[in-house]
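Reviewing the structure listed below.
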Amino acid sequence: MQHDNPNLVAGGAIDIGEILVGIWRRKMMIFIFVLVAVGLAVGFVTVADPRYSATAKVLVENLETPFTKARDPDRRDGRIDERDVLSQVEVASSPDIARQVLRGLDDEMQEDFTRHKSPGLFGRLLILAGFRDNPALMQPEQRALANFDENSTIYAIPRSRVIVMKFTAARADTAATVANRLARSYIKATRSAQSVTTGRAEDWLGIQVDTLRQKVVQSEVAVEQFRAQAGLVRGTTNTLSSQELSELNSQMILASAAKAEALARASTIRELLAKTGSVDGASDVMNSVLIQRLREQQVRLRRNLAELSTTYLDNHPRIKSVKQELADLNRQIRAEALKIVNSLEQQASIAATREASLRASLEALKKKASAVGVDEVKLRALEREATANRQLLESFLTRYSDAASRVKPESQPGLARIIETATVPSVPSFPRKGPIVSLAGVGGLALGLGIAFLLEVMAAASRLQQSLVAAAPPPAQSAAVSQSKPAPQSAPPAVQAKVAAAGLGMPAPTPAKPAVAPVAAPAAVPGKPTTATEALCTLPRSPDVATASSNAQSMLNGTNSAYATPIKALSEGVLNYLRASGVKRMAVASLPGTALDGATALVATARCLSEQGLRVVVLEVDAQYNCVDHVVGLQRTAGLAELLTRKAGFSDVIARDRLSTVHFIRSGLEPISGPSRDISLVMEALDHAYDLVLLNNGVTNFPADRDLTGVTSCQSAIVVAGNEQGAEAAALCGALMRAGLATAQVLQLSGSSTISDGQVAAGATAKSA
């Protein structure tokens, strides 16, 4: 079906290219919007009073230095975070800081703040509505504070400790002066706040110092009185008994260490002599003067022996003489080492005797010291109390002197410093002529484009609605038009009359002799509609895949071929039936030998219905032959089987027809498995996205194969049968009606089949490969 309206494309969509062309046709309207916006902006920047802005910057930080910070070793340096900076922004924005700034201005500048300005029309409306205070009812100071707050902007730069203080005024010098005074007043206020706190601390510390002085004197007097009463002698740090005990204990430890050291050195030398027979590794032996001389002789003899060995054999008298001298020398070294061992053992014995003596003295002194232990405990308690009072007094004296030296605001470090002073601006900050005019032009362009786009979309939508209404006439009108057309050659008039009476809504032409003899209808089921046992229409067979593909697209090129004419009539009847009954699922079941013809008829019908504006999807459940894939020319990829096993999603298995807007879901790479509930869920999901779901069940060998899961998931069915399959078609239609379908009708094929379903599928696969 071709649309005459250039604004419509296949499927009834709006052509975006036509909308762009329509917007270009409205370029004069867009230009007028831009011109008006620019004119208004130029007029505004011309009459607006200029305003000047000046900015000062303050860095919030801890200004304590090693020379100004308190002499308290336990005091931790304060670190400033973003919350502290935001708190300081509120301090700088307080009315108290504004009052200090206003008091420091000259009379002319103060008059700029206190002068009463009559509000405009919009301002008076805001005052009447209660959104703004009436400046005429304010005191001069209140008006000054309100003007100051309205024209000042104080904020912190994100992720920093810098506070920006910006002020806007009608005069450039006023803006710079107020900004600088605001920064200085803020810093002065922080110092004053620190000074007030320091003054209160000084008063409290003075009282505490006087009290502690008296306590220290009393505690020290108590210590000296108790020491005199107990007869305890003051040592350097402890009492005399404690010093003696400590000294004796130290000497005993030294004696024990000397004994252990001497024994260890002697044991080391003996082990070396026993294991190696040499004392080269013993430092005590090597430090002996005699051993050193003997070692020198030993080295000299070994050198002579080495020289003689180059000239004489081992049995030579001179070599034997030198070896004898070396042996004697080694014995002398060993004997001298044993003497050193004996000396070390004697030293260890002396150290052990001294240790025993010191231990006896220590035990005696302990007995003596235990008598004065109770008095020392009381003395230490008094000394601790006196020491604590004295340390507390010294700490308070240190803090008191620090506080007394920093009472004045000038001695306080403050919490901020000025890092940038405001300068007198030479260019007004408002109005900025260039940016305002440019933004106005861009805004006018955007507004014009938006209005032009909306107008074109509304016009295209109106044309689209009119075209759709014209393309879908009422059922009565459609029947009248169909009756005026000549009946197709392949569909006898009598058959079409019974088809229309069966409920498909096809036109009923004058009765004629049917081309196919009707088959016997099965017994009707109570409460169920009966089947139409006469054929919907007669279609020529497709002997191979190439012919089937040609027949499936014959109705798209506008020709009235032997296949296109009955397919168009069938599609029109199906469309009328769908509109009248509301059916959204229809299945095609092919008897043995008609799988390729059933797939061809299904694809051709789907393409015809898509030309009528319906959203159609074809669901292939024939995993054995996949005739729909061969007719359309689709590659075999993931499909319904993978969708049921959750290995793929809808977006992975849906393919689009290259000749129409029909969508296809192939059977997949694996055998289709899963309960009928899963297939029903897939059908329900497709119902929401498409107007019609066409299911190709493939070869249905009834009654041998009674698995009709795919067909019974639909609401209506078409059974494709050959000339000789009338009885089988009637039986299958009856079974489908008993299974709950609304209608089940026969599509008759003319001629006889010369090729089986398996041969068709094998030939198509070989051709594709």
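The values are calculated or read from the model by the stated rules, or taken from the named source; none is laboratory data. None of these values were measured; they are calculated from a predicted model. In this analysis, Cβ positions are derived from the backbone assuming ideal geometry, glycine residues included, and neighbour counts consider all displayed protein chains. The accessibility values were calculated without ligands, DNA or RNA, using every heavy atom of the protein model including side chains. Shrake-Rupley method; radii C 1.70, N 1.55, O 1.52, S 1.80 Å.
Using a 1.4 angstrom probe on heavy atoms only, work out the carbon and sulfur share of the accessible area of segment 347-424 in %.
Values: 2770 of 4900 Å².
Result for segment 347-424: 57 percent of the exposed heavy-atom area is carbon or sulfur.
What accessible area per residue comes out for segment 330-395, rounded to a whole number of Å², with a 1.4 Å probe?
I get 64 Å² per residue for segment 330-395.
What is the spin-label model distance, in nm, from Phe131 to Leu556 if the labels are put 7 Å beyond Cα along the C-beta direction?
Here the answer is 6.1 nm between the modelled labels.
Going by a ≥ b ≥ c, the root eigenvalues of the Cα gyration tensor, does segment 302-420 fall in the rounded group (a/c under 1.5), the prolate group (a/b larger than b/c) or the oblate group? It would help to have the intermediate numbers written out before the result.
Details: a/c = 12.97, a/b = 2.03, b/c = 6.40.
The shape class here is oblate.
What ranking, highest mean first, results for peptides 565-576, 199-210, 445-456 when packing means the other Cβ atoms within 10 Å averaged over each residue?
The densest-packed peptide leads the list: 565-576, 445-456, 199-210.
With a 1.4 Å probe and every protein chain kept in, tell me what percent of the accessible surface of segment 531-638 is carbon plus sulfur. Don't skip to the answer; put the middle values down first.
Values: 1590 of 3190 Å².
Within segment 531-638, the accessible surface is 50 percent carbon and sulfur.
Structure shown: which of Lys188/Lys433; Lys27/Lys433; Lys568/Lys647 lie over 31 Å apart, alpha-carbon to alpha-carbon?
Numbers: Lys188/Lys433 39 Å; Lys27/Lys433 26 Å; Lys568/Lys647 38 Å.
Check vs 31 Å cut-off fails for Lys188/Lys433; Lys568/Lys647.
So which aspartates and glutamates can Lys378 reach, going by Cα to Cα under 15 Å and dropping same-chain residues fewer than 8 places off?
The reachable aspartates and glutamates, counting only those whose Cα sits under 15 Å from Lys378, are Glu220, Glu224.
Once amide H atoms are built 1.01 Å from N in the peptide plane, which residues 5 or more positions from Ala416, or in another chain, come under 5 Å H to H?
Glu61
Which is farthest toward the positive dipole end of segment 380-446 among Pro428, Ala404, Leu382, measuring Cα position about the Cα centre, with Cβ charges +1 (Lys, Arg) and -1 (Asp, Glu)?
In segment 380-446, that residue is Pro428.
Can you give the relative contact order of segment 625-743 as a percent, counting alpha carbon pairs under 8 Å and 6+ residues apart?
On the way: 116 pairs, mean separation 23.5, N = 119.
Normalised by residue count, the contact order of segment 625-743 is 20 percent.
Check cross-link reach from Lys339 to the aspartates and glutamates: straight Cα distance under 14 Å, and skip same-chain residues fewer than eight apart.
Here the aspartates and glutamates satisfying the reach criterion relative to Lys339 are Asp284.
Pull up all non-local amide H partners of Val720: gap of 5 or more, or a different chain, and H-to-H distance under 5 Å with H placed in the peptide plane.
The answer is Ala589, Ser590, Leu591, Leu747.
Can you work out the Karplus-derived ³J(HN,Hα) for every residue in segment 251-257? Use 6.51 cos²θ - 1.76 cosθ + 1.60 with θ = phi - 60°, whole Hz, and x for glycine or proline.
Listing the rounded values in order: 4, 5, 5, 5, 5, 4, 5 Hz.
Quick check on my link table: of Lys215/Lys408; Lys215/Lys366; Lys259/Lys366, which ones sit more than 26 Å apart, alpha carbon to alpha carbon? Kindly include the intermediate steps, with their values, before the conclusion.
Numbers: Lys215/Lys408 31 Å; Lys215/Lys366 36 Å; Lys259/Lys366 24 Å.
Check vs 26 Å cut-off fails for Lys215/Lys408; Lys215/Lys366.
Sorting check: for 431-442, 173-184, which peptide has the highest mean count of neighbouring beta carbons within 10 Å, and how do the rest follow?
Working: 431-442: 14.7, 173-184: 22.0.
Peptide ranking by packing, descending: 173-184, 431-442.
Order of 355-363, 615-623 by packing, highest average Cβ count within 10 Å first? Don't skip to the answer; put the middle values down first.
Working: 355-363: 14.8, 615-623: 23.0.
Listed from highest to lowest mean packing, they are 615-623, 355-363.
Hey, can you find the accessible area per residue of segment 145-239 for me, probe 1.4 Å, expressed in square angstrom? Can you show the working numbers first?
Details: 5300 Å² over 95 residues.
In whole numbers, segment 145-239 has 56 Å² accessible per residue.
Averaged per residue, what accessible area in Å² does segment 614-718 show with a 1.4 Å probe, protein chains only?
Averaged over the residues of segment 614-718, the accessible area is 43 Å².
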